[in-house]
Structures are given as structure tokens and as C-alpha cells.
Ligand code: CDP
């Protein structure tokens, strides 16, 4: 499986970072001085503003939409309804999961916040005011809010727009071997079982979603500024849906204020901005507000999971089995590779050497916003890791074993890598025990357990939560995966200018992760050009190679590989040109960083800058070598990468209020070769805060009518510096054997690994009450109710 390639210098010294290591972020001077250029900073001449009228109810037949008064508003330039879009064949758009989603409702509304009409006006305020002048008549229908009731006989059919759809079923999918797993369960000494819910949460990026469409009718060109994590994929899909030829569409993603999966999909607002621009002949900007973002623009998770583990009495885990009910909302708009309707959930086998495993997932429609996006995770890995790590703790409680020791006993051993898990994934590399031991040493695990025992004697509630995760990131090999038919490779283009400065153009799109720094570092490592002499260009389809964009921590595994290989092509070409310049044979030259020199006489050589000038100058070039120092690569990774980590969290629970205080958190991560350790740590800090948020406070709930209860930051709580501890981080380095520089993704590891650590800590604190499981978020009200043995409040 691993590709043949030259030895990687980073692999010979895995602990060495890449290209000057911990360098300051090149993008920060503009961000910290307020000179970033986000979508809402862009003002085009003659630009109009759009606003969306949204449904106040979760399920209703649309009787009529009267726009007369809105159109009469002096500042309104256009009002678009579903009926208008039907005429253009644009009322429904394909989703990333082969479903369709209403751009504007035509027949029914199917969730609260669904798009019903679009107003284009001279300014944002007028557009918003005019929404109130639209008169919509709804005929209420009973909503389906609880996914568990969605498949009941007689449940209202939400998607009656789909021919042949007679219930709310979306898909069934399974992985692993059911019969083999059942057989292991039948002979196991111990079986534990628990219902584990990963509630509906939201990526909630600091910047909400938006678009500016500028359609030029004479040449038929569309320039679309978008908050998009995947500009190239968006351009292709726009060409397919809107019928505008792809070469006449330019998608520009400016600076993006956080994506976390929220900016992968194409939302109705983007399409409506385009329609608005075509209709008015002027640029149209649409930017959603916070409530629109939380209520309608892609949720994450919403998995109801039944987990079962079979083990021996001595604590050898034999098999894991799970059935999942996946709430996909009103339209199946999840983003994941086509072949995997439940994403990479099949990594629920975790970091353990199992005899058998099986999962089955059923997706259902409900009257809630669509989404199921990979919120800071690789396509449902977060749900999988949470399930298995919670269940291992349930098993530890059943066996009265220490949860850290139980994990150590069951890890896949280093000599078993590459390891094929029981659902068919090949884990590329791993060495789990040192990471776990490091986390335990850092936190002082044995001392903490002693302290906990003493505190318990005094009636105090202290919990220690352990989690160990393996992620699968870097989607993905073309032979295994695509998104709506587009193979998941990514391109990189390297150009060395005549003066030896360089530009690298990427298909992936940073949203704050620091790509302008780290991708320059990869090139610096390979060619010896300092990072400050390298410009990183991304986010403009006219100026970058094709690729599927940034999500699922795929930038480093895929585009990072592309940059390294393109740089190596440049280096090979530089050798030929240097040989011509030095009047020697290429094979007589040796490489040191940034320079080819004559073997045996290191004083005679040519630097990359000299070679670049030679290539563009008057040097007589060898036959077949053209006059530049450029290269382009589309990288199809041979496998995914499998970063891992050991997390331990210490909490104190107030017995009077149920409030959880996170006292300490140690995170030991392994993402293979680390390019920039400072950026890696930043990614981990952010992800850990995310995890604490989901474990303790983030949650989008609904009442019985389908009213969204998490539509503002007053209700949807995200953690601040007050709720999180000082993170204590450590690392091990187990390079990926197939990645050109041995790097694995890191962006999402902490979001994936931390929720189980926090919840395991809370449940551990509550062990004196006989509690083995509680569902996230562990809010004070829920913890207090659990202590009283009362049902979980919403
Ligand atoms: O796809 P995304 O950029 O969100 O995730 P990633 O590939 O994990 O990278 C996140 C950031 O961490 C980028 O700036 C990477 O270049 C950097 N990184 C690193 O320095 N070393 C690694 N082994 C992995 C990522």
C-alpha cells in the first residue's frame, strides 16, 4: 500500500519539526491589526443586500406567499419566492449526500428557520424591514421532532416531495461482521450495554456564513465571494446546478473566521445571492445573523447510539457492537464521502485489538434543520470515538477495573501496525502505550486516584476521566472515496521566481489554521527557501489548482503531501539545470538544503536562487527541460492517516448545585511529524475548548412543536476562558509511513478526543451515586438531577 518514494529526512529524526519549526504565523500581522479581509468587509460598486424570510414553524403546508407589499417598499429591488425559482428550475438543489434540499420552500416548510422568500434591497436594513411585509399563509402539520418516533407507523411523512417516499427513512448502513460479532458476544464472560446520545451541536464559527454574487450578464461571468471551506468543489457544483459554464465561474474565499465544518456545504443563501444578482444585474451580498446560523446553517452530530462491549472477566475486550439512529433533519445534507452514509463512524472500534465488531446505522428525517456536518471531525469520527470511549469506561465500572489500566491492556500493539481493524480500515501507524503512560505521568495519575479516595471519604465529588482516541483523517484515496462523484485528491503548484522567491498555490482553504505559514514551511524544508520568501495562495479558483478543500483535518495529509511532492519535482529539475550550469552530470551532484553541489567538492555548487535565475535566464538548458522552476502535483493519498492521543481530565462537581469545574486537562497527541509545533498546540487548545463546551454546555434542543431552543448565544452556550483550565499538553511522534513528510492531521484531534475525557470524569465523580452513564451536555441541572435519581431535564 505505501508508495515508493525517496527517504524522508523528517522520518530519520521524527522529533524534528519541519522548515524552521516553531515560526510565528505569517498571517497574524494582518489579523491582529484588523487588516484581515472577511466577506462582510467586501463592498462592490452598486452592491445590493439580501435577506431571507424564514419559516416560524417546523412543519406546515405553504398555502400562499404574498410579496406585493414588500415589492412596493421604495428600497426593495426584488423579491424571490419558491414559485419564482421553480420557473428557473432552481427551487431544489442537490445536497452533498445525493438528496435534494429546498432553496426556497414551494410546497411545505420542513423545519423552523427554513428559507421561504428572499428580498434584495438597497441596504441590509431595508431588506430586513421588507421581510415583515411578506404575507405567508401556513397550514400547520404535525411535526416529527423525536428521531425515535420518526419511523413509527403513521408518523407524518416529511419528505412527501420525493417520489416513492412513504416514511421518514433515509438510509440503512452497516460495517463489520454481524454474525462473527454475535458469536463473540454469545461466548463472552461479560457484556455491557448502554444508550449513548451525542446531542445536536453546532460548529458556531465566529464569522457566520455569507456570499456576494456578482453576475456579469454580457460575458455571462459569475464572481462569487463565499465563506467556503471548499471553493473548487463549490464552483463545480454551481456549474452543475446553475448551468453557468465552470470556466465562467470564479469562487473567491477571502479570510474566513472559522469554519469547523460549517462552511463546507452550499447553503440556500449562496444560491439566492446568485439569483438576486442575475435578477437585478447588480452584485448582491447576503450575510446571515447569529440566529440564522445556529438555527438553519448545518448542525452536527445528533446520533442516538446503543453501544455494547463483550469482554473476558480479566478485562480483555473481545468485540464491540452498536446500532445507531441518526437524526438527519429535514434534508439529508450531511457532508461525507459518497460510499459512507455514516461517514467514518466505522472507526468505533477505537484503539483496541478486537476479535469482531459490527455497527448498523439508520438515518431518519425529522422536522429539524439539515446538516450532520463534520464539525471539527472527520465525518462522524467524533461520534464513534465518544461511543467507544464511553463504553470502555462502562466496562471498567462493571469489572471494577481502573479505566486507564483497562485501556493499556487492550491497545493495538506497535508491532501490529499497519493494523486492519474489524471494519476494514488500515491504521497506518501507532504506538499507543507511550502516549498513555506520558499522559498518566504528566497528570500524576496514581496520586490523583489516592486524592480522589480521600475526598470521597469526605463526601467530595472529584472525577478523573480518561480517553484514548484514534482518528482517521486525510480523506482520501480516490479508489476509496469521493464527494458527489469528485475524487478526494488535492493539487499544489510551486513556482520559484527568477530571484529565488517562491509561490505555492493550494486547493485547500485555511479558516484560521495557519496554512500560509505551515505550507510555506513544507516548501522551506524541501527547497531551503526561507518561509518568509514564500507566498501561499489559496481561496481563489482562478489562481489555484483544483481540489476538494479543507475539512476533516485533510489539508496536511492531502495538500501537505502535494506540496512536498511538487517541491521534490522542482528539486529534481533544479538538479538538471544545476548540472548544465556547472557543466557536470546530474548524478555527480549532491543536495544540501537549498543547494546542489558537486560531490567531492562542496565549494562548487548552485543555490536554488541561482538555479532559478539560470532557468529563467540564458543558461543552455538540457534537452527536454523548459525554462522555469515550476511544478504541479495532484496528490492522491495512498491511505488515510491515523493520529491518536491520550487525554486525562480532572473535574470537581459541586454536590449542592451539580456544577462541574474542570480542574486539569492533560492532552498527549501524536500527529506524526509536526510541521509547526506552536500551530499544532494552538489547534489542540482550540479543540479541547470545543470538547469541554460540548461535554458541559453546548446543545441545540427542540420543544414538542419543533421550535429550536438553541438559536442564540444566550441559549447555545460556548465556553469562554473562564470555563476552561490551563491546558497541559505533551506529544509523541509516530510518523505516517505513507505521507511524504510523515505528517498526520491534527486540526480536529482534540475536539474528537476530549468530550469522552470530560464526560468520563463527570461520571467518575458521580460513581458514589451508582451512576455509570449520563448524556452530554453535563449541565448543572442534569448533573444535579442525576444525583437525585431524577429524569434528565432538557
Ligand atoms: O485541514 P486542516 O488544516 O483543518 O487540518 P490539519 O491538516 O490538521 O492542519 C491544521 C494546522 O496544523 C495546519 O496549519 C497544519 O499545517 C498544522 N499541522 C502541523 O503543523 N503539523 C501536523 N502534523 C499537522 C498539522
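Any chance the stretch 50-59 includes a residue that's without any contact (Cβ under 8 Å) to a residue 24 or more places away in the chain, touching a helix residue (DSSP H, G or I) at 6+ places or on another chain (Cβ under 9 Å) and outside any loop (DSSP other than H, G, I, E, B)?
no
Would you check if there is a residue in the stretch 778-791 being surrounded by fewer than 24 Cβ atoms within 10 Å (Cβ to Cβ), at positive phi, touching a helix residue (DSSP H, G or I) at 6+ places or on another chain (Cβ under 9 Å) and assigned to a loop (DSSP other than H, G, I, E, B)? Yes, some residue in the stretch 778-791 is surrounded by fewer than 24 Cβ atoms within 10 Å (Cβ to Cβ), at positive phi, touching a helix residue (DSSP H, G or I) at 6+ places or on another chain (Cβ under 9 Å) and assigned to a loop (DSSP other than H, G, I, E, B). Considering the stretch 469-482, and only residues there that are surrounded by fewer than 23 Cβ atoms within 10 Å (Cβ to Cβ) and either more than 16 Å from the ligand (Cβ to nearest atom) or modelled with pLDDT under 90 (or both), the residue that is nearest to residue 670 (Cα to Cα) turns out to be 477.
Within the stretch 410-420, can one find any residue that is in a helix (DSSP H, G or I) and free of Cβ contacts under 8 Å to residues at least 60 places away in the same chain?
Taking the stretch 410-420 as the starting set, the residues that turn out to be in a helix (DSSP H, G or I) are 410, 414-416.
Keeping just the survivors that are free of Cβ contacts under 8 Å to residues at least 60 places away in the same chain gives 414-415.
Yes.
Go through the stretch 451-473 residue by residue and tally those that are within 30 Å of residue 345 (Cα to Cα) and in a strand (DSSP E or B). Before you say what the answer is, go through the steps one by one.
So the first thing to find is which residues in the stretch 451-473 are within 30 Å of residue 345 (Cα to Cα), and the list is 463-473.
Subsequent filtering for residues that are in a strand (DSSP E or B) retains 463-470, 473.
Adding up the residues that qualify gives 9.
I need every pair where a residue in the stretch 12-41 that is within 21 Å of residue 556 (Cβ to Cβ) and modelled with pLDDT of 85 or more has its Cβ under 9 Å from the Cβ of a residue that is assigned to a loop (DSSP other than H, G, I, E, B) and more than 12 Å from the ligand (Cβ to nearest atom), sequence separation at least 6 or different chains. From residues that are within 21 Å of residue 556 (Cβ to Cβ) and modelled with pLDDT of 85 or more, the pairs are 27/36. Picking from residues in the stretch 655-690 that are away from the ligand (no atom under 16 Å from the Cβ) and assigned to a loop (DSSP other than H, G, I, E, B), the one that is farthest from residue 525 (Cα to Cα) is 656.
Only residues that are more than 16 Å from the ligand (Cβ to nearest atom) and within 23 Å of the chain's Cα centre (by Cα) were counted in the stretch 728-755, giving 1.
In the stretch 621-630, the count of residues that are part of a strand (DSSP E or B) and more than 16 Å from the ligand (Cβ to nearest atom) is one or more. Residues that are in a loop (DSSP other than H, G, I, E, B), touching a residue at least 40 places away in the same chain (Cβ under 8 Å) and within 16 Å of the ligand (Cβ to nearest atom): does the stretch 718-726 have at least one? Within the stretch 718-726 (the criterion being in a loop (DSSP other than H, G, I, E, B), touching a residue at least 40 places away in the same chain (Cβ under 8 Å) and within 16 Å of the ligand (Cβ to nearest atom)), the answer is no, since none of the residues qualifies. If you go through the stretch 421-450 and keep only what is surrounded by 15 or more Cβ atoms within 10 Å (Cβ to Cβ) and in a loop (DSSP other than H, G, I, E, B), you end up with 421, 422, 423, 425, 428, 429, 430, 431, 444. Inspection of the stretch 73-83 identifies at least one residue that is assigned to a helix (DSSP H, G or I) and farther than 30 Å from residue 339 by Cβ. Remark: residue 549 falls outside the filter, which requires a residue to be modelled with pLDDT of 95 or more and under 21 Å from the mean Cα position of the chain (by Cα).
The residue that is farthest from the ligand (Cβ to nearest atom), counting only those in the stretch 553-601 that are in a strand (DSSP E or B) and within 17 Å of residue 496 (Cα to Cα), is 596.
Only one of the numbered conditions (1) without any contact (Cβ under 8 Å) to a residue 40 or more places away in the chain; (2) closer than 21 Å to residue 350 by Cα is not met by residue 714, and that is (2).
In the set 331, 344, 348, only one residue is closer than 24 Å to residue 186 by Cβ and either touching a strand residue (DSSP E or B) at 6+ places or on another chain (Cβ under 9 Å) or crowded, with 22+ Cβ neighbours inside 10 Å (or both); that residue is 348. Considering the stretch 163-219, there are no qualifying strands (runs of 3 or more DSSP E) wholly inside with 1 or more residues that are buried (at least 20 other Cβ atoms within 10 Å of the Cβ) and free of Cβ contacts under 8 Å to residues at least 24 places away in the same chain. Taking the stretch 374-407 as the range and being surrounded by fewer than 24 Cβ atoms within 10 Å (Cβ to Cβ) and outside any helix (DSSP H, G or I) as the test, the residues that pass are 400, 401, 402.
Of everything in the stretch 530-540 that is at pLDDT below 95 and away from the ligand (no atom under 15 Å from the Cβ), the residue that is farthest from residue 739 (Cα to Cα) is 532. Among the conditions (1) away from the ligand (no atom under 16 Å from the Cβ); (2) more than 15 Å from residue 758 (Cβ to Cβ); (3) surrounded by fewer than 24 Cβ atoms within 10 Å (Cβ to Cβ); (4) touching a residue at least 40 places away in the same chain (Cβ under 8 Å), the only one that residue 699 does not satisfy is (2).
Answer yes or no: is there a residue in the stretch 245-266 that is part of a strand (DSSP E or B), free of Cβ contacts under 8 Å to residues at least 40 places away in the same chain and more than 28 Å from residue 109 (Cα to Cα).
Within the stretch 245-266, the subset part of a strand (DSSP E or B) is 249-252, 255.
From what is left, the residues that are free of Cβ contacts under 8 Å to residues at least 40 places away in the same chain are none.
Checked against the condition, which is being part of a strand (DSSP E or B), free of Cβ contacts under 8 Å to residues at least 40 places away in the same chain and more than 28 Å from residue 109 (Cα to Cα), the stretch 245-266 yields no hits at all.
The values are calculated or read from the model by the stated rules, or taken from the named source; none is laboratory data. Everything quoted here is computed from the prediction, not taken from an experiment. So basically every Cβ, Gly included, is an ideal-geometry build from the backbone, and we count neighbours across all protein chains shown.
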